[in-house]
């Protein structure tokens, strides 16, 4: 019985392999990927993730060109959020910069 617990069936190559041959996957019931590492690597080479950093950067640039007034309108519609954001994040950064300049 213990031997069965240490192996898992790969959906890609249709073989049974030791659990060390599988990546971890938090969403899976047994916390392991359903493809072995070799099959997962070959799948990722064939179908690279669409949403990598370069893709998202280009996508956002196109979106901003098509919707130039959206962000300006958003800040006008949500002045409290923008003010609170500044108080919470930007103001401490600005104060730290000033403090570092004084120390130099």
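Between the helical axis of 91-103 and the longest alpha-carbon principal axis of the chain there is an angle of about 80 degrees. Over the residues of the chain, the helix contribution to mean residue ellipticity at 222 nm works out to -15500 deg cm²/dmol, using -39500 (n - 2.57) for each DSSP H run of at least 4.
The stretch between residue 15 and residue 56 holds 11.1 nm of extra length on full extension. This uses 0.36 nm per residue minus the Cα-Cα distance. Relative to the current alpha-carbon distance between residue 100 and residue 83, full extension at 0.36 nm per residue lengthens the span by 3.7 nm. From largest to smallest, the equivalent ellipsoid semi-axes obtained for the range 53-97 from the alpha-carbon gyration tensor read 26, 17, 7 Å. Any chance you could check the Cα centroid distance between the range 45-104 and the range 8-44 for me, in angstrom? Their Cα centres are 37 Å away from one another. What shape does the range 2-46 have by the C-alpha gyration tensor, where a ≥ b ≥ c are the square roots of the eigenvalues, rounded means a/c under 1.5, and otherwise prolate means a/b greater than b/c and oblate the rest? Oblate, since a/c reaches 1.5 and b/c is not below a/b. So for the chain, Kirkwood radius off the Cα pairs, Stokes-Einstein at 37 °C and 0.692 mPa s: how many µm² s⁻¹? Calculated translational D: 171 µm²/s.
We did not get these values from a lab; they are worked out from the coordinates using the rules stated. Since we're looking at a predicted model, the values are computed, not measured.
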